[in-house]
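The values are calculated or read from the model by the stated rules, or taken from the named source; none is laboratory data. From a predicted model like this one, the values you see are computed outputs, not experimental measurements. As a convention, Cβ positions derive from the backbone with ideal geometry for all residues, glycine included, and neighbour counts pool all protein chains shown. Areas reflect the complete protein model, heavy atoms only, side chains present, ligands, DNA and RNA absent. Shrake-Rupley method; radii C 1.70, N 1.55, O 1.52, S 1.80 Å.
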Amino acid sequence: MSETGIRINKFLSEQGYCSRRAADKLIEQERVTINGSVPEMGTKVMENDIVAVDGKLISKKKEKPVYLAFNKPVGIVCTTDTRVEKDNIIDFINYPTRIFPIGRLDKPSEGLIFLTNDGDIVNKILRARNNHEKEYIVTVDHSINPRFIERMSSGIPILDTVTRDCEVEQIGRKTFRIVLTQGLNRQIRRMCEFLDYRVTKLKRVRIMNVPLDIPVGHYRELTDSEMAEIRRLTADSDKTYVPIADDDMD
């Protein structure tokens with residue numbers, strides 16, 4: 001793709017998705033998005049843009065699948081919009097081919113996040129109904145007690161719902177481990193705030209079967225065995241993408 005980009009209808013055609021005429025109809029029906037926004041006819045797709053049709057990501061044709069585990073530092077933003085956010089994850093990693101993060105970790109958080117160019121695996125992992133585990137180590141601003149652990153594990157009312165029961169274990173005076181299977185916006189921070197605690201440090205240490213085992217700011221490729229297990233865990237996932245507010249935004 002050139003530095004000036006190509007028109008969205010041509011992009012879809014080159015990816016083998018449909019003809020340019022069919023692409024024009026999809027755009028008119030507002031079924032196409034670029035970076036989550038509905039484009040106008042003639043909008044150009046740039047190198048790091050994420051294109052989706054009916055919510056399903058369109059991966060570049062003939063690209064070798066890339067699956068990375070990255071230990072995100074505090075201060076890095078999980079966005080592909082490199083033109084707006086200077087501290088973005090794409091420029092930080094500087095991977096030689098186009099990739100995008102699966103889910104998010106917000107700017108003050110650190111830890112494990114996956115990146116890929118495989119739109120299908122993104123959809124499967126992000127679907128909240130699949131109950132994929134994500135484990136965090138969290139430090140709060142004052143001492144925790146058994147009541148706090150009980151409340152956090154048995155459901156907290158936030159965002160017009162009640163969080164699912166989850167595994168929570170105290171591991172220090174102000175530190176606990178929590179395993180989520182849900183996708184609510186800034187879930188852990190909101191849960192703690194409901195109980196009058198403020199999160200001072202949040203690190204994700206596991207996604208599904210993959211542990212955090214690399215230094216901060218570094219990445220590695222997922223192993224064949226890790227990918228085989230991820231595919232097994234997501235085998236029954238509905239391929240239709242339903243946007244959710246990922247719990248990784250904690």
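Restricting to strands (runs of 3 or more DSSP E) lying wholly in the stretch 104-213: which have 3 or more residues that are more than 20 Å from the chain's Cα centre (by Cα) and among the basic types (Lys, Arg)?
Numbers: elements: 110-116, 134-140, 167-170, 175-180, 199-207.
Output list is empty.
Filter the stretch 199-211 down to residues that are in contact with a strand residue (DSSP E or B) (Cβ under 6 Å, 6 or more places away or on another chain) and open to solvent by 40 Å² or more (accessible area, probe 1.4 Å) and give me whichever is nearest to ASN131 (Cα to Cα).
ARG206
Condition check: surrounded by fewer than 17 Cβ atoms within 10 Å (Cβ to Cβ), in contact with a helix residue (DSSP H, G or I) (Cβ under 9 Å, 6 or more places away or on another chain) and of a type outside the set (Ser, Thr, Tyr). Does ALA235 satisfy that? I'd like the intermediate steps shown before the answer.
Numbers: surrounded by fewer than 17 Cβ atoms within 10 Å (Cβ to Cβ): yes; in contact with a helix residue (DSSP H, G or I) (Cβ under 9 Å, 6 or more places away or on another chain): yes; of a type outside the set (Ser, Thr, Tyr): yes.
In short, yes.
Restricting the first residue to the stretch 210-230 and requiring it to be without any contact (Cβ under 8 Å) to a residue 40 or more places away in the chain, which pairs with a second residue that is in a loop (DSSP other than H, G, I, E, B) meet a Cβ separation below 6 Å and a spacing of at least six or different chains?
Once the first residue is without any contact (Cβ under 8 Å) to a residue 40 or more places away in the chain and sits in the stretch 210-230, its partners that are in a loop (DSSP other than H, G, I, E, B) give GLU229/ASN209.
Among what's in the stretch 14-35 and is within 30 Å of THR223 (Cα to Cα) and under 25 Å from the mean Cα position of the chain (by Cα), pick the residue that is most open to solvent (accessible area, probe 1.4 Å).
We begin by selecting, within the stretch 14-35, every residue within 30 Å of THR223 (Cα to Cα); these are 15-17, 35.
Remaining after also requiring under 25 Å from the mean Cα position of the chain (by Cα): 15, 17, 35.
On the way: GLN15: 35, TYR17: 104, ASN35: 63 Å².
Among those that are within 30 Å of THR223 (Cα to Cα) and under 25 Å from the mean Cα position of the chain (by Cα), it is TYR17.
Filter the stretch 23-48 down to residues that are of a type in the set (S, T, N, Q) and either part of a strand (DSSP E or B) or farther than 25 Å from THR79 by Cβ (or both), then give me how many there are. Break it down into steps so the answer makes sense when it comes.
Restricting attention to the stretch 23-48, the residues satisfying the condition of being of a type in the set (S, T, N, Q) are 29, 33, 35, 37, 43, 48.
Imposing the further condition that a residue be either part of a strand (DSSP E or B) or farther than 25 Å from THR79 by Cβ (or both) reduces the set to 29, 33, 37.
Qualifying residue count, the stretch 23-48: 3.
For VAL84, only one of the following conditions fails: (1) modelled with pLDDT of 90 or more; (2) outside any helix (DSSP H, G or I); (3) among the hydrophobic types (A, V, I, L, M, F, W, C). What is its number?
Every condition holds for VAL84 apart from (1).
Read through the list (1) among the hydrophobic types (A, V, I, L, M, F, W, C); (2) open to solvent by 20 Å² or more (accessible area, probe 1.4 Å); (3) at pLDDT below 95; (4) in contact with a Phe, Trp or Tyr (Cβ under 8 Å, 6 or more places away or on another chain), then give the number of the only condition that ILE125 fails.
Of everything listed in (1) among the hydrophobic types (A, V, I, L, M, F, W, C); (2) open to solvent by 20 Å² or more (accessible area, probe 1.4 Å); (3) at pLDDT below 95; (4) in contact with a Phe, Trp or Tyr (Cβ under 8 Å, 6 or more places away or on another chain), ILE125 misses just condition (2).
Go through ILE144, ILE137 for me and flag whichever is hydrophobic (A, V, I, L, M, F, W, C) and open to solvent by less than 30 Å² (accessible area, probe 1.4 Å). Walk me through it before giving the result.
Values: ILE137 fails: open to solvent by less than 30 Å² (accessible area, probe 1.4 Å).
Answer to the check: ILE144.
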